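Input: a single structure, listed below in structure tokens.
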Amino acid sequence: MVLAQLGGSISRAIQQMSNATIIDEKVLNECLNEITRALLQSDVQFKLVRDMQTNIKKIVNLDDLAAGHNKRKIIQQAIFNELCKILDPGKPSFTPKKGKTSVVMFVGLQGSGKTTTCTKYAYYHQKKGWKPALVCADTFRAGAFDQLKQNATKAKIPFYGSYMESDPVKIAVEGVERFKKENCDLIIVDTSGRHKQEAALFEEMRQVSEATKPDLVIFVMDSSIGQAAFDQAQAFKQSVAVGAVIVTKMDGHAKGGGALSAVAATKSPVIFIGTGEHMDEFEVFDVKPFVSRLLGMGDWSGFMDKIHEVVPMDQQPELLQKLSEGNFTLRIMYDQFQNILKMGPIGQVFSMLPGSSAELMPKGREKESQAKIKRYMTMMDSMTNEELDSSNPKLMNESRMMRIARGSGRHIREVMEMLEEYKRLAKIWSKMKGLKIPKKGEMSALSRNMNA
Ligand code: GDP
């Protein structure tokens, strides 16, 4: 994920500042200059970056900070708050509710990722127990219906469309009616895009919107346009009642930060971001956890959300209980590796943990990472129950490691590497000790606790 580079540059700048024995004006300026450079490279508007720098300097008055104050923490918090301000787009005009029929219409330019995003949005909700359905009212682009049909079939989501009918309004109305009768609670209407903003596109959008009366209009845009997103989001907002935005291709472009901040500046709420071509490369966008993750402070609410998503339902209570106890054993690691291999995208889960930066499952190298996990599991298969259930790192002495290496046909160096990975995860895990297991809706409270 390219955003990880931006996050990496920012957290490195903060880290370097923290390493300084004394944090004075010069050290603070160096840190802020680094952050400014990183944000400008991400195509964040110059004015936003300059204001951010001024604000931080205003808040962090080094002379006023009494001795004993944790300057680093105060500066990090100021950077966090300012980034949240830049990226906070406000709340969507409407939030669909499970079990209550909502019609959601998708609009955007051709190639923005609109059709892909419709399916991702449907799939995301389906996994949470909703009954979504897809309507293809894109009669402009040849192949749009086939694409939607293919994606929908793969995800087992009902769909509606036509090869013959050329009137998008007719298809949209028929599709919405049909799925209302079938008691679907999330009816998603994919509309036509055009290569550029033009009158015909906006007119068609208005007609489909008038005929289907959507509860929410979602505007999909490609992040690669960076700060030009401001004009595009404004133009769509003026033509149709855009209630929320989804920014796609955050994985592939250095300008993602610029796009997000530009959309936020139009006060159009970003609700999800697309982070890849696959169906599950799709994430809720929530500004505080997002910035927290960007700064390497972890995204606890996203982490919990992913646990709910990827860990089988019957294993969740036990896993959450173990989380709150803070004892991470090799057996827990083994069980979670099994989930990783079954569910695939847990690299996303690891990237949400503070300091983890998805090292175990780097994007684009999933095959390699899976092989590594399988290797680790083979070694763990040669462990005794005592070793698997212990959370005492001292237990694993050299003779035990030798035995495991021999038993699994691996080198002792690899056993040590696996144990290092275990220690790294255990350290992260231990931070969750004593946590109250949050119920749904309490996630942000958890996030606050963890970042405190
Ligand atoms: P539409 O014309 O707006 O309906 O766009 P499509 O849904 O056909 O998407 C255009 C291209 O963008 C396709 O190749 C998609 O696979 C790709 N795409 C969509 N979303 C993402 C994303 O979040 N990341 C990446 N890397 N590619 C995406």
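Brief remarks follow.
- Residue list for the range 136-173, filter: in contact (Cβ under 8 Å) with a residue 24 or more places away in the chain and assigned to a helix (DSSP H, G or I): 144, 147, 148, 151, 152, 154, 168, 169, 171, 172, 173
- Selection over the range 144-157 of residues that are touching a Leu at 6+ places or on another chain (Cβ under 7 Å) and more than 14 Å from the ligand (Cβ to nearest atom) gives a count of 1.
- Index of the failed condition, residue 236 passing every other in (1) of a type outside the set (Lys, Arg); (2) within 17 Å of residue 48 (Cβ to Cβ); (3) out of contact with any Leu (no Cβ under 7 Å at 6 or more places or on another chain): (2)
- Residue ID - farthest from residue 258 (Cα to Cα), chosen from residues in the range 86-135 that are part of a loop (DSSP other than H, G, I, E, B) and within 12 Å of the ligand (Cβ to nearest atom): 110
- Residue match in the range 59-76 (condition: away from the ligand (no atom under 16 Å from the Cβ) and in the same structural domain as residue 227 (by TED's automatic domain parsing)): no
- Test: residue in the range 191-205 that is over 21 Å from residue 133 (Cβ atoms), in a loop (DSSP other than H, G, I, E, B), charged (D, E, K, R) and touching a residue at least 40 places away in the same chain (Cβ under 8 Å): yes
- Test for residue 76: is it modelled with pLDDT of 90 or more and surrounded by 14 or more Cβ atoms within 10 Å (Cβ to Cβ): no
- Residue satisfying condition, being in contact (Cβ under 8 Å) with a residue 12 or more places away in the chain and in contact with a Pro (Cβ under 6 Å, 6 or more places away or on another chain), within set 113, 90: 90
- Subset tally (residues that are surrounded by fewer than 16 Cβ atoms within 10 Å (Cβ to Cβ), within 37 Å of the chain's Cα centre (by Cα) and not in a helix (DSSP H, G or I)) for the range 369-410: 1
- Matching residues in the range 91-100 - criterion: being over 18 Å from residue 233 (Cβ atoms) and surrounded by 17 or more Cβ atoms within 10 Å (Cβ to Cβ): 96
- The condition of being under 30 Å from residue 43 (Cβ atoms) and either in contact (Cβ under 8 Å) with a residue 40 or more places away in the chain or over 30 Å from the mean Cα position of the chain (by Cα) (or both) holds for only one of 219, 179, that being 219.
- Here residue 117 fulfils each of the conditions (1) within 20 Å of residue 264 (Cβ to Cβ); (2) not assigned by TED's automatic domain parsing to the domain that holds residue 183 apart from (2).
The values are calculated or read from the model by the stated rules, or taken from the named source; none is laboratory data. All of these numbers come straight from a predicted model, not from anything done at the bench. For neighbour counting, all protein chains shown are included, and Cβ atoms are generated from backbone atoms with ideal geometry for every residue, glycine included.
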